[in-house]
Amino acid sequence: MINFFDCHCDTLTKALFSNKELYKNDLHIDIERLEKYGSVVQIFAIWLDSPYLKAPFENTVKAIDFFEKQKAKYSRHITDDFSDDKRIRAILSIEGGEAIEGDIDKLHFFKDRGIRLMTLTWNYENEIGFGAATGSDKGLKDIGKAVVKEMNDMDMLIDVSHLNEKGFWDVYNISEKPFIATHSNSKALCPHLRNLTDDQIRAMSERGCMVGINLYPPFVDGQKGSTENILRHIDHIMDIMGENNVAIGCDFDGISICPEEIGDVSRLYVLYNRIRDIWGARIADNIFYYNMLGFHNW
């Protein structure tokens, strides 16, 4: 049975704001489908669409409260106790540092509420820095640099997906701990503004960082997101970073279209089987599960 550790999905807030349940729904991920696999770790990101950014702290708290209620309701199936591999293990992340509203005390508040990692920006500008879609050549703001240092001290994992390139290099120069791009691909293979340059990937390799492969077709090949082209990104990033620093960051429920052969989480076996066919079961198991399992002090 396939085990998997997915670095990123937007299912939690999509379920919250569309009044759906985590156990069974018509989204890309639900608990019922996750339970078809073996040991599962799912990082649930809290991402706020623009209408909710008028009160980002309040709405992020609302999402955490929703998760806590769902966890209690479906406690036989899902837990945030990382030592319990009999149930689906859920990890909470924040996608977009707007949530802390420029206040490091709120970062501590979120850590106490179970947030284990934070994507510093989404595509746009916030109090921390500049997202990839801004086109800005500015780096992290002063509060952003302080946030990176504080996250190191708190053992909260820094996520550089969505961050602009200058901001990335600030993280690289400031952070004393490995960081992650939870859902980003290779810009050399697909020149999308959200993907990583070879220099960025090389720098991440030097620091023992992790890259989660994103399944969103515009980040894969700009077309249908074929399995073969997803494999090309895995191969390219493994060539630079090695086999132990590549993982899966599907971006389910944060993407408007899915790869042609992987329409939701129940179809991930298609990708696993192709990785296994090419590189063998050990590397397939590492990419799908063990690399992330050992990457951070979860």
Checklist outcome for this item: Taking N as the number of residues in the range 152-191, the ratio of its alpha carbon radius of gyration to 2.2 N^0.38 Å works out to 1.25
Next on the checklist: From the mean inverse distance of alpha carbon pairs (Kirkwood) and the Cα radius of gyration, derive Rg over Rh for the chain.
Outcome noted: 0.93
Checklist entry - What residues qualify as long-range amide H neighbours of F252, i.e. H under 5 Å apart, gap of 5 or more or another chain, H built at 1.01 Å from N? => result D10
Checklist entry - Which values of log₁₀ I(q)/I(0), to two decimal places, follow from the Debye formula for the range 97-207 at q = 0.13, 0.18, 0.19 Å⁻¹ with a uniform point scatterer at every Cα? => result -0.43, -0.82, -0.92
Checklist entry - So which of K14/K54; K36/K71; K145/K187 end up more than 23 Å apart, counting from Cα to Cα? => result K145/K187
Next on the checklist: Tell me the Kirkwood radius of the range 162-298: reciprocal of the mean inverse pair distance over distinct alpha-carbon atoms, in Å.
Outcome noted: 14.9
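The numbers here are math on the coordinates, done by the rules we state, and not lab data. The shown structure was predicted, so the numbers you read here are calculated from the model rather than taken from an experiment.
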